[in-house]
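A quick write-up on the structure given underneath.
The values are calculated or read from the model by the stated rules, or taken from the named source; none is laboratory data. Since we're looking at a predicted model, the values are computed, not measured. Heads up, the Cβs are rebuilt from the backbone with ideal geometry, glycines too, and the neighbour counts pull from every protein chain shown.
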Amino acid sequence: MDNEYILEMLHITKRFPGIVANDDVTIQVKKGEIYALLGENGAGKSTLMSILYGMYEPDEGEIRVRGQKVEIGSPSQAAGLSIGMVHQHFTLVTDFTIAENIVLGNEPMTKFGFLPAVDLKKANQQIRELSQKYGLEVDPTAVVGEIGVSVQQRVEILKMLYREAEILIFDEPTAFLTPQEIDSLLNIIRNLRDSGKTIILITHKLDEVKRVADRCAVLRRGKLIDVRNVADMDTREIASLMVGSEISLELDKQPMNPGAVVLDVRDLTVANSEGIEMVKDVSFQIRAGEILAIAGVSGNGQTEIADAIAGLLPVRSGDILLGGESITGLSIRERAQKGISYIPEDRHNVGLILDYDLEDNLGLRRYYREPFTKNGNLQENVFREYADKLIDKYDIRSSSGAETIVRSMSGGNQQKAIVAREIEEGNPLIIFVQPTRGLDIGAMQRIHKSILHERDRGCAVLLISLELDEVMELADTIAVIYNGRIGKTAPADTFTKQEVGAYMMGVGGQQNAEGKERERNE
Amino acid sequence: MTLINNTIIDGMAFMLPLLIMAIGGIFSERSGITNLAVEGLSGMGAFTGALAAYIMTTCLGISSGPAYYLSFLFAALGGMLLGLLHAFLCIDGKANQVICGVVINILAQSVTIFLVKTINREIFGKPSDKIDLGVSARYTVPGLSKIPVLGAFFTKIYPFEVMIIILTLIASYVLYKSRFGMHLRACGDNPHAVDAAGLDVAGIRRRAVMISGALSGIGGMAFAYSISAKFSASYFVGYGYLAIAALIFGNWTILPTLRACVIFGFARSAGYQIVQKLGYPSSYQDLIMILPYVLTLVLLIFWSGKNRSPRALGEIYDKAKR
């Protein structure tokens, strides 16, 4: 039984116009193991799994399930072979309950008078039992549109289990989760393995592989590079296998050389669009050449601080000073002109106009000024030259250069475009909110280097991140926010990671994590 | 007393056809297909039903009783066939659903009028732009109709009123209790989830739009009997759009849509009765005819904020796009 593979994908090749997404890839997965597929965005992990799940047909190669050669032409055929998949973007019916979502397509039936009817009572009961069996607590009667992302993910997992899937594929399952939610998901994945399920985990995060996987296949540019046992794998080596060159995981960070105070936030109180006070009496200063990071669990008011400084949210009380001058009453454009660059959290809705091309997006900060506009007419050649310059300087990759529609670009390159546009203004203050969310290790490093570079040239940097590692690595000063208030501000080297974590949870457990969670969901 | 009684009698006769058309719209829209074609679908139903009734009574010698009921069957078929065109254009042709609905309305109106004239001239040999229907029988339930006020609900009932009430019950069961209804509602919220569950999104939606066409046709036939006892160009006065307004006010659910239809129906009939009672000239009656539409505008202001349309409504479903 030990050498029995439950799933084999042999010599799989898949070509798309202009690109070989999978090039002679072979993976063999044992029953009851957690098998990680590690690689950067675009390495071919998702394509390989889409082939397994019946969404693409391979050009070459064969798939064996339990030793039998199979053709998988559709997701329902994959389900018939007891293969299930949790996609990165969930496919849930938002106005259905959790139970209705899970049983959809396989509903238990009862009689309504003499007519057949869906038996929701039985469905609720079945889901309750199933969720207890695997330790995935959910309320079957809760409406999916009203529950959080991590619970929605549990619903997706339960959907697979309800269909009695044995091989479970997770596509980048931690991309949208907070650190606590990631912990609990990884536990769930471990439990599933221990109850006999086979798990394939698609990810670009090394530490997740290290924490849960038994074996790990590294993909790069469509090719299988290596398969390793996680227990005896060296993180640094795997990272370089993944990226394709020797990379240093440590950043070359020079000591801070601070100048005058650039940003001075005094007793800032901000309410969100629903009128709830998210930021309460927050004060901090950032000097030139300093990175101040605000650490905290998602939803504690950090985004609202950034939005208030950039002018996206009105200030309820308090004052914001830039270079000693109050900007509290200024419009967004006036603030930008005074010297604020902003890399927002939501790059799709706030950072970019997805259906515009790259050159228009890169010109968004300048389009109304000369030489971009002359006598009220946009100067296309100026846009093009400027875009080409930035594309070259910041290594923004896309299919057709300045004319690429931004929606079609990868997340990493979209973010590079925003960073390029904002940094190029040469402003004294840059705000980065979640700058590396969803990016792979290579793109992440480039962004980190840009942040340090800006700080070294004498810019004040406000960094807001949910990734504690990122905060610890980059910050000169850390301010920890909890429930809209900054609990502690101190030089980064006086904190340990554990201490920051404790402040993030509200210091010494005045309120436990669950209480916080509940509060956030309300 | 007669004022209230007549308000109820007329109100029911107006409200129920409107309701069944709105329910048809709910089926289509809850499956994710915008259906502005209710007007055209009901008109096509009224035309085919009226034509069938005329042929059955004058040419085939079928007595008016069975012909009456059969005409509704043909009306449902006519509406369903045109609904199938809407479904084909929207689902298979991936057409813009709003434009498609409007085009079907225009098409139904011009085609039915053309056909009425041509058939009258070529087949029946008389120049006429209408199809006459016999006057519908109306029933009064003995005993129950003697109850004060409430008795009006059992007085001078058109047979179609009973038919529509039964259909409403069946439609509620199908939409909320049956497996098909569950799949249909899921399609309107997230077709990808339906697809992932191994179900056929296009097939479910096609059936939903055909049901919509059939119910619209039945509603249209009922209007043809109750309002004018004929089918002609004057049929198209926009009740289909009113049905859409009702289902939007009803938040795409059957019971609140019933409430909206009650308001429309009784406002119209009450206004009509009051004008008659006061003995105003007929121009005032015309004014009353616009009451449901004015009411729609007023209600829009109060009700719009709370309403939430099906999430995938009007979006063209493309399997590959996620």
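Tell me, which strands (runs of 3 or more DSSP E) wholly within segment A:75-170 include 3 or more residues that are closer than 26 Å to A:Ile6 by Cβ and in contact with a Leu (Cβ under 8 Å, 6 or more places away or on another chain)?
Those strands (runs of 3 or more DSSP E) span A:83-86.
Would you mind stating whether B:Val209 is part of a helix (DSSP H, G or I), within 11 Å of another protein chain (Cβ to nearest Cβ) and among the hydrophobic types (A, V, I, L, M, F, W, C)? Outline the logic, then answer.
Numbers: part of a helix (DSSP H, G or I): yes; within 11 Å of another protein chain (Cβ to nearest Cβ): no; among the hydrophobic types (A, V, I, L, M, F, W, C): yes.
Taking the combined requirement at face value, the residue does not satisfy it.
Hey, A:Ala79 hits all of (1) among the aliphatic types (A, V, I, L, M); (2) within 22 Å of A:Lys31 (Cβ to Cβ); (3) surrounded by fewer than 20 Cβ atoms within 10 Å (Cβ to Cβ) but one; which does it fall short on?
Looking at each condition in turn, A:Ala79 falls short on (3).
Are any of the residues in segment A:420-433 closer than 13 Å to A:Glu290 by Cβ and in a helix (DSSP H, G or I)? Walk me through how you get there before you give the answer.
The first filter runs over segment A:420-433 and keeps only residues closer than 13 Å to A:Glu290 by Cβ, leaving A:428-430.
Okay, now just the ones that are also in a helix (DSSP H, G or I), so none.
No, segment A:420-433 contains no residue that is closer than 13 Å to A:Glu290 by Cβ and in a helix (DSSP H, G or I).
Among the residues of segment A:4-18, count how many are among the charged types (D, E, K, R) and under 20 Å from A:Arg221 (Cβ atoms).
Of segment A:4-18, the ones among the charged types (D, E, K, R) are A:4, A:8, A:14-15.
If we keep only those that are under 20 Å from A:Arg221 (Cβ atoms) as well, we get A:14-15.
Number satisfying all stated conditions: 2.
Could you check segment A:51-61 and list, in sequence order, the residues that are under 25 Å from the mean Cα position of the chain (by Cα) and surrounded by 21 or more Cβ atoms within 10 Å (Cβ to Cβ)?
Hits for segment A:51-61 are A:Ile51, A:Leu52, A:Tyr53.
Filter segment A:85-105 down to the residues that are more than 10 Å from chain B (Cβ to nearest Cβ) and farther than 22 Å from B:Ser178 by Cα and list them by number.
Across segment A:85-105, the qualifying residue is only A:Val86.
Among the residues of segment A:361-410, how many are outside any strand (DSSP E or B) and either assigned by TED's automatic domain parsing to the domain that holds A:Ile332 or of a type in the set (Val, Ile, Thr) (or both)? Write out each step before concluding.
Quick first cut of segment A:361-410, residues outside any strand (DSSP E or B) only: A:361-372, A:375-376, A:379-404, A:406-410.
Checking the rest, the ones that are also either assigned by TED's automatic domain parsing to the domain that holds A:Ile332 or of a type in the set (Val, Ile, Thr) (or both) come to A:382, A:391, A:396, A:404, A:406.
Total satisfying the criteria: 5.
Which condition breaks for A:Ile478 when tested against (1) under 18 Å from A:Phe284 (Cα atoms); (2) at pLDDT below 90?
(2)
Go through segment A:289-319 and report how many residues are surrounded by fewer than 19 Cβ atoms within 10 Å (Cβ to Cβ), in contact with a helix residue (DSSP H, G or I) (Cβ under 9 Å, 6 or more places away or on another chain) and among the polar types (S, T, N, Q).
So the count comes out to 1.
Would you mind stating whether B:Ile113 is modelled with pLDDT under 95 and more than 24 Å from B:Ala67 (Cβ to Cβ)? Reasoning before the result, please.
Details: modelled with pLDDT under 95: yes; more than 24 Å from B:Ala67 (Cβ to Cβ): no.
In short, no.
Is at least one residue of segment B:192-209 touching a residue at least 40 places away in the same chain (Cβ under 8 Å), within 17 Å of B:Ile254 (Cα to Cα) and touching a helix residue (DSSP H, G or I) at 6+ places or on another chain (Cβ under 9 Å)?
Yes, the conditions are met somewhere in segment B:192-209.
Looking at this structure, is A:Leu168 modelled with pLDDT of 90 or more, in the same structural domain as A:Asp95 (by TED's automatic domain parsing) and within 19 Å of the chain's Cα centre (by Cα)? Talk me through it step by step, then tell me what you get.
Numbers: modelled with pLDDT of 90 or more: yes; in the same structural domain as A:Asp95 (by TED's automatic domain parsing): yes; within 19 Å of the chain's Cα centre (by Cα): no.
So A:Leu168 fails the test.
Would a scan of segment A:97-107 turn up a residue that is without any contact (Cβ under 8 Å) to a residue 40 or more places away in the chain, within 17 Å of B:Ala193 (Cβ to Cβ) and within 25 Å of the chain's Cα centre (by Cα)?
No.
Look at segment A:301-343 and say how many of its residues are free of Cβ contacts under 8 Å to residues at least 12 places away in the same chain, hydroxyl-bearing (Ser, Thr, Tyr) and in a helix (DSSP H, G or I).
Final tally of qualifying residues: 0.
Yes or no, residue by residue, for (1) under 34 Å from the mean Cα position of the chain (by Cα); (2) surrounded by fewer than 15 Cβ atoms within 10 Å (Cβ to Cβ); (3) polar (S, T, N, Q); (4) farther than 21 Å from A:Ala336 by Cα:
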residue	(1), (2), (3), (4)
A:Arg366	yes, no, no, no
A:Arg369	no, yes, no, no
A:Thr373	no, no, yes, no
A:Asn381	no, yes, yes, yes
A:Lys393	yes, yes, no, yes
A:Arg407	yes, yes, no, yes
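Would you tally the residues in segment A:189-237 being surrounded by 18 or more Cβ atoms within 10 Å (Cβ to Cβ), at pLDDT below 85 and more than 30 Å from A:Pro17 (Cα to Cα)?
Selection size over segment A:189-237: 2.
So which residues in segment B:113-158 are more than 20 Å from B:Ser228 (Cα to Cα), among the acidic types (Asp, Glu) and in contact with a Ser or Thr (Cβ under 8 Å, 6 or more places away or on another chain), if there are any at all?
None - no residue of segment B:113-158 is more than 20 Å from B:Ser228 (Cα to Cα), among the acidic types (Asp, Glu) and in contact with a Ser or Thr (Cβ under 8 Å, 6 or more places away or on another chain), so the list stays empty.
Just one of the numbered conditions (1) surrounded by 14 or more Cβ atoms within 10 Å (Cβ to Cβ); (2) modelled with pLDDT of 90 or more; (3) more than 16 Å from A:Val155 (Cβ to Cβ) is not true of A:Arg128; which one?
Of everything listed in (1) surrounded by 14 or more Cβ atoms within 10 Å (Cβ to Cβ); (2) modelled with pLDDT of 90 or more; (3) more than 16 Å from A:Val155 (Cβ to Cβ), A:Arg128 misses just condition (3).
Any residue at all in segment A:484-506 that is small (Gly, Ala, Ser), within 28 Å of A:Glu172 (Cα to Cα) and not in a helix (DSSP H, G or I)?
no
Among the residues of segment B:158-171, is there at least one that is at pLDDT 95 or above and farther than 21 Å from B:Leu73 by Cβ?
Taking every residue of segment B:158-171 in turn, none turns out to be at pLDDT 95 or above and farther than 21 Å from B:Leu73 by Cβ.
Pairs needed: first member in segment A:35-59, over 15 Å from A:Pro75 (Cβ atoms) and in contact (Cβ under 8 Å) with a residue 24 or more places away in the chain; second member anywhere, of a type in the set (Ser, Thr, Tyr) and buried (at least 21 other Cβ atoms within 10 Å of the Cβ); C-beta distance under 7 Å; at least 6 residues apart or different chains.
A:Ala36/A:Thr203; A:Leu38/A:Thr203
Test B:Arg121 against the criterion of being of a type in the set (Lys, Arg), within 29 Å of B:Ala224 (Cβ to Cβ) and assigned to a helix (DSSP H, G or I), and give yes or no.
yes
What is the residue count in segment B:146-200 for residues that are assigned to a helix (DSSP H, G or I), of a type outside the set (A, V, I, L, M, F, W, C) and within 14 Å of chain A (Cβ to nearest Cβ)? Reasoning before the result, please.
Going through segment B:146-200, the residues assigned to a helix (DSSP H, G or I) turn out to be B:146, B:150-154, B:159-176, B:179-189, B:191-196.
After this cut, where a residue has to be of a type outside the set (A, V, I, L, M, F, W, C) as well, the list is B:146, B:151, B:159, B:161, B:168, B:172-173, B:176, B:179, B:181, B:183, B:185, B:188-189, B:191-192, B:195.
Next, from what is left, pick out any that are within 14 Å of chain A (Cβ to nearest Cβ): B:172-173, B:176, B:179, B:181, B:183, B:185, B:188-189, B:191-192, B:195.
So the answer is 12.
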